[in-house]
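Asks: Encoded as structure tokens, here's the structure I'll be asking about.
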Amino acid sequence: MFGGDDRYAEARRRMVEEIVAMALEPGGYTPRPISEKVLSVMKKVPRHRFISEGSIYAAYYNRPFSIGHGQTISQPYIVALMTDLLALDKQDSVLEVGTGSGYQSAVLAEMAGKVYSMEIIEPLAARAAKLLGELGYANIQLKLGDGSKGWPEYAPFDGIIVTAAADHMPQPLVDQLKPGGRMVIPVGSWQYAQELILITKDQDGMIRQENVLPVSFVPLTGRY
Ligand code: SAM
């Protein structure tokens, strides 16, 4: 799928080692080892393609990075953690709110059957569509628009991932989760007071909420 470009395989392997170490010692918070399934996807997806050419040196640092338009590609550890929390299967359908660079979409596409991803900033949506097409991801469907209200046409979803911080829990997204489904979302009203939250919906539609980790994301815009 990636045209045999393996120049960065060693850098990816080292990035994954850092993810493993951070998952075991997340600065005083509960350790959550990342599954082998997710780690092997992180070893495979070419993160350097999702970063501008002038910044490729930083592609495999375990850090977030600017992608322009005031937005970021998330830290690899956070991408791995959020993906793992969704516990996806190959048959699952997943909604991503905040396509950004398209990197997280690619990681999800390796884990799930179908990925629906929405981005509100037009140039980012266009760039991600072009790149994911070039990389051969046929199971990702992208849409330009406000994802805070979800994508009712394809709901309900087995998993929902929101990659921007909401100042309150968007009810339309909770409603679009299947019974048995999981959602990961940063919630908080300002940059340094956000919590990554895992929502699980049981077979009777009961919601359980777990605070996973303090995080720092760009804000979720839109009307919800
Ligand atoms: N998942 C991305 C990646 O792998 O590059 C990271 C995305 S960045 C941290 C968050 C993205 O959410 C930004 O591109 C931003 O424009 C987008 N966003 C913010 N509010 C949104 C909304 N209401 N609907 C869709 N996208 C939104």
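Asks: Which residues' amide hydrogens lie under 5 Å from the amide hydrogen of T72, considering only partners 5 or more residues apart or on another chain, with H built in the peptide plane?
Replies: Under 5 Å from the amide H of T72: I67.
Asks: Which order do peptides 21-30, 97-106 fall in by mean Cβ count within 10 Å, highest first?
Replies: Details: 21-30: 11.6, 97-106: 26.6.
So the order, starting with the most tightly packed, is 97-106, 21-30.
Asks: Another question about this same structure. Find how much the distance from E122 to Q141 grows on full extension, using 0.36 nm per residue of separation minus their present alpha carbon separation; answer in nm with one decimal.
Replies: Additional length available on full extension: 5.3 nm.
Asks: Please compute one quarter of the surface area of the Cα convex hull for segment 118-223 and express it in square nanometres.
Replies: On the way: hull surface 28.5 nm².
For segment 118-223, averaging the hull's shadow over all directions gives 7.1 nm².
Asks: Additional query: Could you give the nm distance between label points at E153 and E18, where each point is 7 Å from its Cα heading toward the beta carbon?
Replies: Each label point is offset 7 Å from its Cα along the Cβ direction, giving 3.9 nm.
Asks: Of F65, F217, which has the most accessible area with a 1.4 Å probe, and how do the rest follow in descending order?
Replies: Values: F65 40, F217 15 Å².
In descending accessible area the options line up as F65, F217.
Asks: Convert each backbone phi in segment 141-154 into a coupling constant with the Karplus relation 6.51 cos²θ - 1.76 cosθ + 1.60 (shift: θ = phi - 60°), then list the ³J(HN,Hα) values in order as whole Hz, x for Gly and Pro.
Replies: 10, 10, 9, 7, x, 7, x, 5, 9, x, 9, x, 4, 10
Asks: Further, regarding this structure: How much of R208 can a 1.4 Å solvent probe reach, expressed as accessible area in Å² and rounded to 10?
Replies: 150 Å²
Asks: Related question: Please express the shape of the chain as an equivalent ellipsoid: the semi-axes are the square roots of 5 times the eigenvalues of the C-alpha gyration tensor, given largest first in whole angstrom. Numbers along the way, then the final one.
Replies: Numbers: eigenvalues 120, 80, 62 Å².
After diagonalising the Cα gyration tensor, the semi-axes are 25, 20, 18 Å.
Asks: Say each of A193 and T221 gets a label point 7 Å from the Cα, pointing the same way as Cα to Cβ; how far apart are those two points in nm?
Replies: Taking the simple label geometry, A193 and T221 are separated by 2.4 nm.
Asks: Under 12 Å from the Cβ of D202, count the other residues' Cβ atoms, weight Lys and Arg +1, Asp and Glu -1, and hand me the total.
Replies: Values: positive: K178, R182, K201, R208; negative: D204.
Computed value for this residue: +3.
Asks: Once phi is turned into θ = phi - 60°, what whole-Hz ³J(HN,Hα) does the Karplus curve with 6.51, -1.76 and 1.60 give for every residue of segment 165-182, x standing for Gly and Pro?
Replies: Running phi through 6.51 cos²θ - 1.76 cosθ + 1.60 with θ = phi - 60° gives 7, 8, 7, 8, 6, x, 4, x, 6, 4, 5, 8, 8, 5, x, x, x, 9 Hz.
Asks: Gap in Å between the Cα centre of segment 59-87 and the Cα centre of segment 126-190?
Replies: Computed from Cα coordinates, the inter-centre distance equals 15 Å.
Asks: In deg cm²/dmol, rounded to 500, what helix-only [θ] at 222 nm does the chain give when every DSSP H run of at least 4 residues adds -39500 (n - 2.57) and the total is split over its residues? Could the numbers behind the result be given before it?
Replies: Details: 6 runs with 61 residues, N = 224.
One gets -8000 deg cm²/dmol as the mean residue ellipticity at 222 nm.
Asks: Sticking with this one: Of S66, S35, which has the most accessible area and how do the rest follow, probe 1.4 Å? Mind dumping the intermediate values first?
Replies: Working: S66 80, S35 40 Å².
The ordering from most to least exposed comes out as S66, S35.
Asks: Now, a different point. Hey, for a label at Q203 modelled as a point 7 Å past Cα toward Cβ, could you say which residues of segment 163-180 have their backbone N under 17 Å away?
Replies: 178-180
Asks: Between S55 and S35, what FRET efficiency follows from the Cβ-Cβ distance if R0 is 30 Å, with the result rounded to 0.05? Walk me through the intermediate numbers first.
Replies: Working: r = 29 Å, r/R0 = 0.97.
After rounding to 0.05, the efficiency reads 0.55.
Asks: Residues with beta-carbon under 14 Å from that of N139, excluding N139: net charge, scoring Lys, Arg +1 and Asp, Glu -1?
Replies: On the way: positive: K90, K114; negative: D89, D92, E96, E110, D158.
So the environment of N139 carries a net charge of -3.
The values are calculated or read from the model by the stated rules, or taken from the named source; none is laboratory data. Keep in mind that what you see is a predicted model, and the values were worked out from it rather than measured. Glycine gets a Cβ as well: all are built from the backbone with ideal geometry, and neighbour counts include every protein chain shown. Accessible surface is based on the protein model in full, side chains and every heavy atom, while ligands, DNA and RNA are left aside. Shrake-Rupley method; radii C 1.70, N 1.55, O 1.52, S 1.80 Å.
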